[in-house]
Amino acid sequence: MKVCIYGAGAIGLLIGARLAATGKHDVSAVARGMTLAALNEHGLRVDGFAGPISGPVRASADPAALGVQDVVVIAVKAPGLADVARRIAPLLGPHTLVVPAMNGVPWWFCQGLSGPAAGLALKSVDPDGGIAAHLPIDNVIGCVVHAAASVSEPGKAWNQMGRGLVIGEPRGGVSERVAALKTVLDEAGFETIASEMIQRDIWYKLWGNMTTNPISAITGATTDRVIGDELVRQLTSDAMLESGRIGERLGFAITQTPAERHAITRKLGAFKTSMLQDAEAGRAIELDSLVGAVRELGQHVGVATPLIDAIFGLARVFGQVHGLYPEAR
Ligand SMILES: NC(=O)C1=CN([C@@H]2O[C@H](COP(=O)(O)OP(=O)(O)OC[C@H]3O[C@@H](n4cnc5c(N)ncnc54)[C@H](OP(=O)(O)O)[C@@H]3O)[C@@H](O)[C@H]2O)C=CC1
Ligand SMILES: CC(C)(CO)C(=O)C(=O)O
């Protein structure tokens, strides 16, 4: 299988290295700068709780040099997605699976839904529709990453915990192509679940990311400290309940309690969320897809989100002051 990783950071390296290590796939990567140089010299490398994993890769800054793929895994941060969408065409054929291995609400989220948000084009994630235009929903397989990783050096990731992936059709059901992709990912060592309603899994993962990620970025705190402070924990729990009410209106109620979810986050230990990693590195933060889209959906279905609004506002000001988020929105 020809698999291209677009964005060889923490998650892209994790997925790419595991696939390449099987020796069964022709793995390539679109990368740039020091990452591109490191990939060409050393291949894809991951270290972490599961031990070292590595495999060969053909890397290029130019998608046209890599050609049409069977699967393209997009693993950039959300602010980079519009650029990827503009450049991705040479990798795509009519049957190419596009798998966005990213946190947050994706551009296609409402296209496959029925109910009050059916077909809604989310302005917070795709303001001018450019992403949807270049990444057709028919090629997309939704994906949720249940893993914690960071880049330890260009071309090499540290996998602190987790190798869980959830994949699913944007329009629901379990298709043959999802079943086939699950087999490929399982063979590469992932614990993969094929979901019949991937939006539900995205919303569940987002419960943690829309709270812990911005709070960690603003405060500079690792996840254990965010969850460890009783007042901050209460804020995150109450914001999670707001988002839970939106999920109920959209047709995917979360059955866990915030406390049960905190217990899972606690297992991460002292982990720097991907948004804290971005803030420390001076990179644009994924505020719109992680928090802005939840507010937009809340407004659409008539659920008030005062606490999510407050988290968004604080993270927006933090981002603007540090040059990590645009001034005018
Ligand atoms: N890290 C984690 O533990 C988890 C992250 N996620 C999600 O996964 C997604 C990816 O995150 P993560 O892997 O942490 O991000 P990283 O910042 O580690 O990696 C992103 C990579 O994308 C590259 N990139 C960005 N734009 C382009 C481009 N136009 N062309 C080529 N390469 C590009 C970056 O290159 P460069 O360095 O040159 O900018 C970088 O190597 C995010 O949505 C995140 O929220 C989900 C679960 C856990
Ligand atoms: C914190 C973690 C690993 C899990 O919620 C995550 O998804 C992120 O860092 O973005």
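Quick look at the numbers
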item	result
Residue in segment 81-106 that is surrounded by the fewest Cβ atoms within 10 Å (Cβ to Cβ), counting only those that are part of a loop (DSSP other than H, G, I, E, B) and of a type in the set (G, A, S)	G93
Exclusive hit being of a type in the set (S, T, Y), more than 13 Å from ligand 2 (Cβ to nearest atom) and closer than 25 Å to I11 by Cβ, set S289, S237, S243, S274	S243
Qualifying residue in segment 183-194 (condition: assigned to a strand (DSSP E or B), open to solvent by less than 20 Å² (accessible area, probe 1.4 Å) and at pLDDT 95 or above)	yes
Qualifying positions in segment 33-54 - part of a strand (DSSP E or B) and open to solvent by 10 Å² or more (accessible area, probe 1.4 Å)	R45, D47, G48, I53, S54
Residues satisfying the stated conditions in segment 55-80, i.e. surrounded by 20 or more Cβ atoms within 10 Å (Cβ to Cβ), of a type outside the set (G, A, S) and part of a strand (DSSP E or B)	V71, V72, V73, I74
Residue satisfying condition, being open to solvent by 20 Å² or more (accessible area, probe 1.4 Å) and more than 16 Å from ligand 1 (Cβ to nearest atom), within set Q277, Q256	Q256
Candidates R283, R295, filtered to the one that is charged (D, E, K, R), closer than 17 Å to E248 by Cα and either open to solvent by 20 Å² or more (accessible area, probe 1.4 Å) or within 16 Å of the chain's Cα centre (by Cα) (or both)	R295
Looking only at segment 147-163, and only at residues there that are under 16 Å from the mean Cα position of the chain (by Cα) and open to solvent by 70 Å² or more (accessible area, probe 1.4 Å), the one that is nearest to ligand 1 (Cβ to nearest atom)	V151
Segment 271-291 residues that are under 14 Å from S124 (Cβ atoms), paired with ones that are within 7 Å of ligand 1 (Cβ to nearest atom) and acidic (D, E) (beta carbon under 7 Å, 6 or more apart)	I285/D278
The lone exception for L241 - which of (1) open to solvent by 60 Å² or more (accessible area, probe 1.4 Å); (2) closer than 26 Å to A117 by Cβ; (3) in a loop (DSSP other than H, G, I, E, B) it fails	(3)
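The values are calculated or read from the model by the stated rules, or taken from the named source; none is laboratory data. It should be emphasised that the depicted structure is a prediction, and the values quoted were computed from it without experimental measurement. Ideal geometry is used to build each Cβ from the backbone, glycine not excepted, and the neighbour counts take in all protein chains shown. The accessibility values were calculated without ligands, DNA or RNA, using every heavy atom of the protein model including side chains. Shrake-Rupley method; radii C 1.70, N 1.55, O 1.52, S 1.80 Å.
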